[in-house]
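Structure first, then comments.
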Amino acid sequence: MSQPDSPSAGTAEPVGPAEPVGPAGLAGHRHCRAVVTLPQADVDHFNRIPRAAFVMEPRLRCELTDGHGGSHSALVQGVGYDLHWASWPEYAVQVAARCPEEAPFEGPEPPREADICLLREGHPGPHYGDTWF
């Protein structure tokens, strides 16, 4: 598994133009189209972890809005309360918290409980919840 600040091990891929990310509070924002393919060793490691939240794919798309500053970021795996995030172009996988901020909602009435942003804590750009994709 890649360690923080390790040399680039993921393979970044160029992709087409950005596309809109969703309604409501993201009007005018587009989803970053950067993609990375994780090393097979990382994919195997995160798919074998007991209590892993899902079976992961080796190809991840940046979850931030187009034009964001800094590194790209995508969730790799959730294990209990630990969230493992990939960042690139300087590839690393690190455990980090999810953003604690409320995300905007879509619909005529607000939800009973606010959606929490699904991005990594400290991310650049707007917040969004599970209704954005």
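What follows draws every value from the coordinates through simple rules; no lab data is involved. What you are looking at is a predicted structure, and each value in this text was computed from that prediction instead of being measured.
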Exercise. Can you bin segment 56-104 into rounded, prolate or oblate? Criterion: square roots of the alpha carbon gyration tensor eigenvalues sorted a ≥ b ≥ c, rounded for a/c under 1.5, prolate for a/b above b/c, oblate for the rest.
Key: oblate
Quiz item: Considering amide H positions built from the backbone, and no H for Pro or chain starts, which residues 5 or more places from GLU121, or on another chain, come under 5 Å of its amide H?
Solution: ALA97, ARG98, CYS99
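So how much slack lies between GLN40 and GLN94, counting 0.36 nm per residue of separation and subtracting their Cα-Cα distance, in nm? Spell out each step's value before the answer.
Numbers: separation 54, 0.36 × 54 = 19.44 nm, distance 1.67 nm.
Here the answer is 17.8 nm.
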